[in-house]
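Reading through the structure tokens given below for one structure.
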Amino acid sequence: MSAEASTSNDAAIGSPFGDAKDHEWVTLISQDGYHFVLDYRCAILSGTIRSMLGRGQGGDGAGGGSSSGHADFDDSVPSPAPGINGDNGAAPFSGGFAEAETLTANLNQIRGVVLEKVVEYLVWKQKYNDSTADTDIPHFQNRIPPEIALELLMAADFLDV
């Protein structure tokens, strides 16, 4: 299914992401070759994936700087020349990972059945992230099969979820 086809379905069922045409998709690949495509805003809820994608710390996708609009550094200090310590002169927080270019992360240490639950949790967290106190939020732990619980815990620790 293409991103545009799923966009109309998302809008029809009240997607927490708004208009899907305005955002990027990230592909996560499991150890056993399963591909999971999810919204960029869901993916960066994982600290590890956010670092792999190298899009900055502000969460706005612009890269670098603080979310308050003020510089986090002294402008009078010169930055090192490109090429020093393997730096190619890219913008700060670019990460230098291939994942930042392709928006694809190979998570070769996580099985597909476990990564599926991680992706499900990231979408669940994004959906209920800004919920009010009167919103009835379902318990996520009821969705976790006991046979993958330990492996899921290790994956969540690795992915900084």
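Worth pointing out:
- For Ile110, the conditions (1) of a type in the set (A, V, I, L, M, F, W, C); (2) at pLDDT 95 or above; (3) under 17 Å from Ala43 (Cα atoms); (4) part of a helix (DSSP H, G or I) all hold with the exception of (4).
- Within the range 1-60, the set of residues being part of a loop (DSSP other than H, G, I, E, B), farther than 24 Å from Asp130 by Cβ and either at pLDDT 50 or above or among the basic types (Lys, Arg) (or both) comprises Ser30, Gln31, Asp32, Gly33, Tyr34, Gly54.
- Here Tyr121 clears all of (1) modelled with pLDDT under 85; (2) surrounded by 16 or more Cβ atoms within 10 Å (Cβ to Cβ) except the condition numbered (1).
- Filtered by the rule that a residue be β-branched (Val, Ile, Thr) and exposed (fewer than 13 other Cβ atoms within 10 Å of the Cβ), the range 124-151 gives Thr132, Thr135, Ile137.
- Tabulated pairs, the range 90-103, first modelled with pLDDT of 85 or more and acidic (Asp, Glu), second surrounded by 13 or more Cβ atoms within 10 Å (Cβ to Cβ) and not in a helix (DSSP H, G or I), C-beta under 9 angstrom, 6+ apart or interchain: Glu99/Val26; Glu99/Gly54; Glu99/Ala105; Glu99/Asn106
- Filtered by the rule that a residue be touching a helix residue (DSSP H, G or I) at 6+ places or on another chain (Cβ under 8 Å) and of a type in the set (Phe, Trp, Tyr), the range 109-161 gives Tyr121, Trp124, Phe140, Phe158.
- In the range 113-135, residue nearest to Leu28 (Cα to Cα) [restricted to those that are outside any loop (DSSP other than H, G, I, E, B) and among the acidic types (Asp, Glu)]: Glu116
The values are calculated or read from the model by the stated rules, or taken from the named source; none is laboratory data. These numbers were taken from a predicted model, which means no experiment stands behind them. Note: ideal-geometry Cβ built from the backbone for every residue, glycine included; neighbour counts use all protein chains shown.
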